[in-house]
Structures are given as structure tokens and as C-alpha cells.
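To start, the structure under review is shown below, and the notes come after it.
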């Protein structure tokens, strides 16, 4: 049963309706740490959740766009990921990036996701980060961090710090 909130836009807050990821990853919708790997069902569910905010893009496709058809796009994208300014995850031999990390008009990096990544990139892998953004969070009154990312960044950052503390101690 899908509880996806179709009203979520890429730059607006959504109602606190949960996303259809309650059973993904570990039982009880727990975000997990390094070493996670999505299965087909989980990937499709995540893709559905992220569609209203730009969806997912293959790293190779983004690299071509970042390089504007010239060599160097792959290196630029890799630097952004390694430096913690973007996150991605592997699935079926490709790297995938959630597009909410980019401005809707072009491929400029959004500041809000980067601020959250500074809190979580050391304790969650890319797949776990993607899940964290779309799963309801108790400290956000049952809302998903992505639903509040562009309207209440301080609350999302507080939730990220709490998640980091829970994982790292």
C-alpha cells in the first residue's frame, strides 16, 4: 500500500503524509549505516518517492550534462561526491543521484542538501542517506526531512544531528 504524498513539489513543504518506504532497508523503517544495498523493489519505491522532487538521475547522464559534452564531467561529478557536496548510491552497475540536490533550472548545487550532508555523510552511506531524506522522522512530527528541507532547514539539520548522534554516539 503506497502512502506517497503526490503534493510534494521540488521546492515546497508537503503535508506530513508518510512515504511508501516503511518496510525498506531494515525492519521498522530504521535508517542503516554503511554497507546497505537496494533491491529492485526498494529502488523503485525510492524512485517513486523522489519523482516529485526531480527523481533520480544516472551518474553517467549527469556527468555528460556537467561536462557540457566535453571530457571532464565525470571527474567533476566524482569530486563533488568525494568532497561530500553530493551523494549517490550504486544500483545495478550505475551510480544514481537524487535530483533534489540540484536547482530545478540547471545543475547548480542547492545549499540545503549540502548542509544536511555535512552532518550525515560520515555516518550514512548513499543509499541510507536517500532513505533518511524520504522516511518519516519522529523529531519532525512524522514528516520526512525532504518535505521540510527547503522550508524549515533548521529543523531538518537538527534531525540530521540527532541521526548522526544515534549512529555515531
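The values are calculated or read from the model by the stated rules, or taken from the named source; none is laboratory data. This structure is a prediction, so every number in the text was calculated from the model and none was measured. Backbone-built Cβ (ideal geometry, glycine too); neighbour counts: all protein chains shown.
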message: Checking the condition more than 26 Å from residue 152 (Cβ to Cβ) and at pLDDT below 95, which residue from 104, 63 passes?
response: 63
- line: In region 106-127, anything part of a helix (DSSP H, G or I) and in contact with a strand residue (DSSP E or B) (Cβ under 7 Å, 6 or more places away or on another chain) is listed as 126, 127
- prompt: Would you call residue 96 in contact with a strand residue (DSSP E or B) (Cβ under 6 Å, 6 or more places away or on another chain), within 21 Å of residue 167 (Cβ to Cβ) and not in a loop (DSSP other than H, G, I, E, B)?
  reply: no
task: Run down 142, 84 and say which single residue is under 21 Å from residue 168 (Cβ atoms) and part of a loop (DSSP other than H, G, I, E, B).
output: 84
- prompt: How many residues does region 110-124 hold that are surrounded by fewer than 19 Cβ atoms within 10 Å (Cβ to Cβ) and under 11 Å from the mean Cα position of the chain (by Cα)?
  reply: 1
field: Filter result for the condition that a residue is modelled with pLDDT under 95 and part of a helix (DSSP H, G or I), over 74, 11
entry: 74
Matching option when the condition is in contact with a strand residue (DSSP E or B) (Cβ under 7 Å, 6 or more places away or on another chain), buried (at least 22 other Cβ atoms within 10 Å of the Cβ), at pLDDT 95 or above and in a helix (DSSP H, G or I), among 130, 147, 160: 130
message: On the basis of being surrounded by 19 or more Cβ atoms within 10 Å (Cβ to Cβ) and either part of a loop (DSSP other than H, G, I, E, B) or more than 13 Å from the chain's Cα centre (by Cα) (or both), does residue 154 make the cut?
response: no
task: Taking the options 91, 96, name whichever one is under 18 Å from residue 63 (Cα atoms), touching a residue at least 40 places away in the same chain (Cβ under 8 Å), buried (at least 17 other Cβ atoms within 10 Å of the Cβ) and over 13 Å from the mean Cα position of the chain (by Cα).
output: 91
field: Selected residue (only one of 59, 73 is in contact with a helix residue (DSSP H, G or I) (Cβ under 8 Å, 6 or more places away or on another chain), free of Cβ contacts under 8 Å to residues at least 12 places away in the same chain, at negative phi and buried (at least 17 other Cβ atoms within 10 Å of the Cβ))
entry: 73
